[in-house]
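Quick notes on the structure that follows.
The values are calculated or read from the model by the stated rules, or taken from the named source; none is laboratory data. Because the structure is predicted, anything quoted here is derived from the model rather than measured. Cβ placement follows ideal geometry from the backbone for every residue including glycine, while neighbour counts extend to all protein chains displayed. Just so you know, the surface numbers come from the protein's heavy atoms only, side chains and all, with ligands and any DNA or RNA stripped out. Shrake-Rupley method; radii C 1.70, N 1.55, O 1.52, S 1.80 Å.
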Amino acid sequence: MSELIEKASKLNKAAKHMGMLSAVEKNAALAKLADHLVTEKAWILSENAKDIDAGKENGLSSSLLDRLLLTEERIEQIVDGVRQLIHLEDPIGETIEEWERPNGLQIETIRVPLGVIGMVYEARPNVTVDAGSLCLKAGNAVLLRGSSSAIHSNKALVHVMRGALAGTAIPEDAVQLLEDTSRETAAQMFKLNEFLDVLIPRGGAGLIQSVVQNATVPVLETGVGNCHVFIDETADQKMGIEIAVNAKLHRPSVCNAAETLLIHEKWPFVPVVLNALHEKGVELRGDEGLAAAYSFVKQADEKDWHTEFLAPILAVKLVSDVKGAIEHIDQYGTKHSEAIISEDTENVRLFFRAVDAAVLYHNASTRFTDGEQFGYGAEIGISTQKLHARGPMGLRALTTTKAIVKGKGQIRL
């Protein structure tokens with residue numbers, strides 16, 4: 001029996017048990033899991049160092065190495081995310097709606113676990129714990145398939161997680177790591193309808209499209225973040241500059257970082273914001289007019305408007321009005337996160353109505369598109385599709401519904 005089939009079979013059995021657990025039982029297990037991550041922090045960091053060394057030898061970019069890196073602070077953040085989940089309300093069993101039919105039937109829809117979730121992701125070991133703990137809290141079992149570049153980190157984290165679950169109400173087998181990271185095994189996983197209820201890809205465009213195009217298992221699609229910040233004519237100078245800098249530089253390697261800055265051509269502070277970004281080391285790629293006017297702005301090509309740079313690179317364009325910004329976002333955006341900085345109520349209203357994205361911001365950075373920032377605890381990903389879930393996906397996104405119908409002997413005539 002292959003590793004994939006063996007582990008998927010164990011997950012299938014564990015999932016049946018998971019749906020019966022109480023919130024108290026799940027929370028106790030998560031508390032133990034968080035404690036074990038703290039206890040084993042030094043070992044986890046030493047295993048992560050092996051991945052970092054291998055990544056450098058293999059020529060991984062600085063942005064990918066940043067995603068791969070674990071530090072004491074990042075492990076503490078991961079642990080905090082698990083502990084936040086403990087304090088969140090358990091969605092399982094929640095009544096969504098209830099009503100009575102004229103024939104006396106009482107109908108109730110409740111939340112239930114999705115079942116077995118297959119998580120496919122790249123060089124971000126924090127996802128191993130985020131996804132695992134979220135799935136467990138929502139009563140699911142989870143098959144984790146990370147990238148080969150993070151294999152030492154992922155094996156260590158899953159070893160710690162499974163060890164923590166021993167002796168708790170949650171079976172160890174509810175969390176499995178697929179250690180075979182070959183494309184052939186991944187392709188088999190994508191079609192494992194017998195054991196998996198849903199796949200969630202989290203990573204770059206190539207990974208996501210590979211899963212979407214090749215899977216027969218239903219996919220909860222997370223999206224690439226080609227995010228925009230539009231500074232309108234009425235935008236406050238300080239606010240516009242601070243948000244542009246924060247959205248680009250707070251953490252350039254993540255999907256909610258801004259990749260294009262659109263500026264109203266009549267905003268008085270265009271030189272100020274461009275200089276502020278340039279002085280902080282951002283490579284600016286601008287439209288023809290900006291490239292001609294500023295020596296530090298390179299000429300952008302068509303590809304730049306489409307690109308999720310995940311680095312200190314920013315495409316910049318002047319637009320004549322809010323409609324120009326909307327048209328640009330409509331053409332190049334990935335329906336992730338878009339922001340307008342403006343004091344014009346009508347322009348904000350138009351932006352919110354016309355722009356199609358999972359999250360829209362007024363006078364705030366796109367960096368807030370995050371499960372923790374939304375109060376969901378750790379997130380399993382950010383969905384840019386329109387079915388089932390959209391935006392940061394927390395506990396409720398990992399559930400489905402069941403209808404409970406109570407009668408008194410009714411038969412259909």
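Numbers at a glance
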item	result
Count of region 273-326 residues which are open to solvent by less than 60 Å² (accessible area, probe 1.4 Å), among the acidic types (Asp, Glu) and not in a loop (DSSP other than H, G, I, E, B)	2
Within region 145-217, helices (runs of 4 or more DSSP H) holding 3 or more residues that are in contact (Cβ under 8 Å) with a residue 24 or more places away in the chain and under 27 Å from ALA34 (Cβ atoms)	151-165
Yes/no for ASN140 being within 18 Å of ILE78 (Cα to Cα) and touching a strand residue (DSSP E or B) at 6+ places or on another chain (Cβ under 8 Å)	no
Filter result (surrounded by 15 or more Cβ atoms within 10 Å (Cβ to Cβ) and polar (S, T, N, Q)) within region 10-60	ASN12, ASN27, ASN48
Residue count for region 347-368, restricted to those that are farther than 15 Å from ALA235 by Cα, in a loop (DSSP other than H, G, I, E, B) and either touching a helix residue (DSSP H, G or I) at 6+ places or on another chain (Cβ under 8 Å) or open to solvent by 50 Å² or more (accessible area, probe 1.4 Å) (or both)	3
Given (1) touching a Phe, Trp or Tyr at 6+ places or on another chain (Cβ under 7 Å); (2) farther than 30 Å from LYS303 by Cβ; (3) among the small types (Gly, Ala, Ser), number of the condition SER182 does not satisfy	(1)
Condition broken by ASP344, with the remaining ones in (1) touching a residue at least 40 places away in the same chain (Cβ under 8 Å); (2) crowded, with 23+ Cβ neighbours inside 10 Å satisfied	(2)
Any helices (runs of 4 or more DSSP H) falling wholly within region 11-79 and containing at least 1 residues that are over 18 Å from ILE151 (Cβ atoms), small (Gly, Ala, Ser) and without any contact (Cβ under 8 Å) to a residue 24 or more places away in the chain	41-57
Scan of region 203-234 for residues that are in contact with a Phe, Trp or Tyr (Cβ under 9 Å, 6 or more places away or on another chain) and open to solvent by 10 Å² or more (accessible area, probe 1.4 Å), ordered by number	GLY203, LEU207, SER210, ASN214, ALA215, THR216, VAL219, GLU233, THR234
